[in-house]
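Worksheet for the structure shown next.
Taken together, the values in this text are just the output of simple stated rules run on the coordinates, not laboratory data. Predicted, not measured: the structure shown is a model, and the values here were computed from it. Note that we place each Cβ from the backbone using ideal geometry, even for glycine, and neighbour counts take in every protein chain shown.
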Amino acid sequence: MVQSMAVHPDRTAAPEPPDDGPNRDDTTPSDGTTPDAEGTAAFGRRLLDLLTGHALTTLIGIGHRTGLFDALAPAPATGPELAARAGLHERYVREWLAGLVTGGVLDHDPATGRYRLPPAHAPLLTGERAANIGPAVGTLDLLASVRPGVERCFAEGGGVPYATYAATAERVGVAMGDSRRYLYDEHLLDGFLGAVPGLLDRLAAGARVLDLGCGTGQVVCLLAAAFPASVRRGGSRPGRDRPGRGRARPAGPAQRGLRRRGRRRGSRGSRASTWSWRSTPSTTSSGPRGCCAGCGRRWSRRGCS
């Protein structure tokens, strides 16, 4: 049961190190010092917190991907009511609710049987915003899924190809780049770029921009919407997420507007892909077409123009 894995901070007991008498392991350090029983107990509590946190993190990830947090945020609900709102099976929703109440993430009113997402918690668990922790949990799920390959590298050396991460992300339902998607939406221009003196003015006047390892192309899409006088290009190596792949939504001009500029030989005979965005102001009156719906530019074989 998931609720048995999640321990409320106020109910966490301090586990004492076992004492098996003469059968216990000899943990006396080689320097002859005596083990610190209090330190061992404190570390045991720390380990218990880590295990509890892992269980709660898993439940938070489920709530993010299934929409349960967003469904619960508007108003308290019983288990069946919440399951109906989210279009999910009540049996599983019941276990999810119990685990998060035990972990102090949700509140439960025994008198009404309703569960509530506290208003103070909602900004960190709901909505398309940088503060939402849900996408970061998806990244942890992805890392856990490729762990066997990483463990093999400990014994055999080498590495795990990026293509493996991308394929695993698609299999487990995690979009590459999700963990920073909302962060870039909210803070790329004023936060990241605005921290460089004069950079925003230079982009507004017109500049050539290269984004190496552009992944899904979100950064370049945001730049295209904000600085139409500039020309931007993004490069990604084979196996990396192509724009529009997975569940990542478009940002600014839709990511379907990416055009493969060409292919050239990279190191070790690999082929590097370059994606190109052109965003000079539209001179047509027919309105946006295809990928550029909403951005005011026209898509053609030569890019956005």
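A few notes on this one:
- Within region 58-205: Cβ-based charge dipole about Cα centre, in debye rounded to nearest 20 (Lys, Arg +1; Asp, Glu -1): 200
- For region 167-208, the calculated P(r), taken from all Cα-Cα distances in 10 Å bins from zero up to the bin holding the longest distance, is 25, 33, 24, 16, 2 percent.
- With 5 Å bins beginning at zero, the pair-distance distribution over Cα atoms of region 65-185 amounts to 2, 10, 16, 17, 15, 14, 10, 7, 5, 2, 1, 0 %.
- For the pair residue 89 and residue 151, label points projected 7 Å from Cα toward Cβ lie 2.8 nm apart.
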